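Novice: I have a structure I would like to understand better, so I am pasting it below and will then ask my questions one at a time.
The values are calculated or read from the model by the stated rules, or taken from the named source; none is laboratory data. Worth saying up front: this structure is predicted, and the values here are computed from it rather than measured. Don't worry about glycine lacking a Cβ; one is built from the backbone with ideal geometry, like all the others, and counts go over all protein chains shown.
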Amino acid sequence: MYKLLIRPLLFCFDPEKVHHFTFSFIKNSLKIPFVSTIIKALYAVEDKSLERNLFGLNFKNPVGLAAGFDKNALLYNELANFGFGFIEIGTVTPVGQEGNPKKRLFRLKADQGIINRMGFNNEGLEAAINQLKKNKGKVIIGGNIGKNTNTSPEDYTKDYLECFNGLHPYVDYFVLNVSCPNVGSHAKLTDKDYLKELIREVQTANKNHNTQKPILLKIAPDLNTIQLDEIIELVAATKIDGVIASNTSVSRDGLKTSKEALKTIGNGGLSGQPIKDKSTKVIAYLAKKSQKAFPIIGVGGIHFAKDALEKIEAGADLVQIYTGFIYEGPQLIKAINKTLIKKKKDS
């Protein structure tokens with residue numbers, strides 16, 4: 001029903017307006033008695049074979065929602081009913097910010113992709129904390145954190161630490177977002193020495209809390225093998241808990257969308273089917289070259305169950321969806337989990 005009726009209607013309108021409308025619709029719909037029960041019955045899959053234990057956390061299934069969808073932690077309780085094994089909120093910055101000027105979100109229907117240059121638009125740390133205090137404990141929550149756009153390079157670490165310490169009591173794991181292409185200069189965040197410094201500062205802060213939370217690094221899909229080798233070395237040196245591969249891409253190679261249309265859209269991060277193979281290759285390289293030395297969460301272009309399976313077979317321990325969730329609907333979560341159950345039974 002989603003692809004036949006709902007998606008065609010939603011795709012007639014501006015993507016960002018549709019996003020806000022969808023949030024309101026889900027929020028209000030699930031207040032109606034028994035709707036959440038019906039949603040769970042339709043989409044949630046429970047099976048012992050789906051459970052994963054990773055960096056000390058027990059995931060009821062390996063399919064998560066990537067950061068960027070529920071930036072301000074407004075909908076995670078409701079989204080949990082669709083069967084996600086974990087939900088990542090954010091990216092959260094210390095101070096709320098508008099992000100980049102609109103229009104900044106574009107569908108590439110011919111490619112089943114999205115280009116965005118949102119620019120870490122979010123309501124800020126305090127707003128996220130207030131929402132996370134409403135957590136009903138239905139699902140594992142990840143906190144994706146970043147710096148404010150106007151923060152000077154010497155204060156980048158301070159921004160990350162502020163978000164880390166503020167969210168620490170309310171999330172189950174953290175993601176250091178150092179690879180988003182939409183928030184101005186990121187030169188310092190691609191420097192290996194600075195990343196080592198940042199990770200160690202956050203790890204030190206982690207030790208000051210009664211309970212330590214896993215910390216992961218989110219990387220770009222556009223890294224070459226030399227840069228990926230540096231990531232492997234960085235993980236080994238810092239003992240960070242894992243890597244998310246990958247963020248959006250700045251590449252426009254191989255798209256069906258015309259060059260004229262792409263020129264009109266302008267810059268931004270590309271997600272969806274066009275980056276599927278690229279992100280899978282990054283996962284495969286990291287897993288093979290490191291001899292699977294650390295956990296990997298695979299994200300990028302998962303629109304079908306087979307896409308998720310490819311990433312898991314390449315070396316991903318968990319997967320996340322975002323653009324595929326928009327194009328395929330909540331049925332995608334169920335399809336992936338059902339396929340994983342079948343594969344387990346057949347093996």
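Novice: When you scan region 116-131, do you find a residue that is closer than 18 Å to Gly266 by Cβ, of a type in the set (S, T, N, Q), surrounded by fewer than 24 Cβ atoms within 10 Å (Cβ to Cβ) and out of contact with any strand residue (DSSP E or B) (no Cβ under 8 Å at 6 or more places or on another chain), even just one?
Specialist: no
Novice: Next question, about the same structure. What pairs come up if the first residue lies in region 95-108 and is of a type outside the set (A, V, I, L, M, F, W, C), the second is surrounded by fewer than 19 Cβ atoms within 10 Å (Cβ to Cβ) and outside any loop (DSSP other than H, G, I, E, B), and their beta carbons are under 8 Å apart, counting only those six or more places apart or on different chains?
Specialist: Short answer, once both residue conditions are applied: Gly96/Glu123; Gly96/Gly124; Gly96/Ala127; Gln97/Gly124; Lys102/Glu16; Lys103/Glu16; Arg104/Glu16; Arg107/Pro15.
Novice: May I pose another question? Restricting the search to region 161-181, which residues are touching a strand residue (DSSP E or B) at 6+ places or on another chain (Cβ under 6 Å) and either more than 26 Å from Glu98 (Cβ to Cβ) or modelled with pLDDT under 95 (or both)?
Specialist: Correct list: Asp172, Tyr173, Ser179, Pro181.
Novice: OK, next. Ser271: within 30 Å of Glu328 (Cβ to Cβ), among the small types (Gly, Ala, Ser) and either assigned to a strand (DSSP E or B) or free of Cβ contacts under 8 Å to residues at least 24 places away in the same chain (or both), yes or no?
Specialist: Spelling it out, Ser271 is indeed within 30 Å of Glu328 (Cβ to Cβ), among the small types (Gly, Ala, Ser) and either assigned to a strand (DSSP E or B) or free of Cβ contacts under 8 Å to residues at least 24 places away in the same chain (or both).
Novice: Another question, then. Taking the condition of being at positive phi and surrounded by 11 or more Cβ atoms within 10 Å (Cβ to Cβ), how many residues in region 9-57 meet it?
Specialist: Residues that pass the stated criteria total 2.
Novice: Name the single residue that is surrounded by the fewest Cβ atoms within 10 Å (Cβ to Cβ) among those in region 278-333 being of a type in the set (Ser, Thr, Tyr) and in a loop (DSSP other than H, G, I, E, B).
Specialist: Filtering region 278-333 for residues that are of a type in the set (Ser, Thr, Tyr) and in a loop (DSSP other than H, G, I, E, B), the one surrounded by the fewest Cβ atoms within 10 Å (Cβ to Cβ) comes out as Ser290.
Novice: Is it the case that Ile6 is in contact (Cβ under 8 Å) with a residue 60 or more places away in the chain, surrounded by 12 or more Cβ atoms within 10 Å (Cβ to Cβ) and either of a type in the set (A, V, I, L, M, F, W, C) or more than 16 Å from Gly324 (Cα to Cα) (or both)?
Specialist: Yes.
Novice: May I pose another question? Considering region 230-262 alone, what residues qualify as being part of a loop (DSSP other than H, G, I, E, B), in contact (Cβ under 8 Å) with a residue 40 or more places away in the chain and over 23 Å from the mean Cα position of the chain (by Cα)?
Specialist: If the condition is that a residue be part of a loop (DSSP other than H, G, I, E, B), in contact (Cβ under 8 Å) with a residue 40 or more places away in the chain and over 23 Å from the mean Cα position of the chain (by Cα), then Lys256, Thr257 are the ones that fit.
Novice: Only residues that are at pLDDT below 95, closer than 27 Å to Gly56 by Cβ and of a type outside the set (Ser, Thr, Tyr): list them for region 292-347, please.
Specialist: Selection gives Lys343, Lys344.
Let's see how each residue does on (1) buried (at least 21 other Cβ atoms within 10 Å of the Cβ); (2) touching a residue at least 24 places away in the same chain (Cβ under 8 Å); (3) more than 17 Å from the chain's Cα centre (by Cα):
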site: Gly137; (1), (2), (3): no, no, yes
site: Gly143; (1), (2), (3): yes, yes, no
site: Leu161; (1), (2), (3): no, yes, yes
site: Cys180; (1), (2), (3): yes, yes, no
site: Glu201; (1), (2), (3): no, yes, yes
site: Lys207; (1), (2), (3): no, no, yes
site: Pro214; (1), (2), (3): no, yes, no
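Novice: Still on this structure, I have one more. Taking region 92-115 only, how many residues are part of a helix (DSSP H, G or I) and among the hydrophobic types (A, V, I, L, M, F, W, C)?
Specialist: 1
Novice: Related question: I'd like the residue in region 1-60 that is of a type in the set (S, T, N, Q) and touching a helix residue (DSSP H, G or I) at 6+ places or on another chain (Cβ under 9 Å) and, out of all such residues, is farthest from Glu328 (Cα to Cα).
Specialist: Looking at the filtered set, the residue picked out is Ser49.
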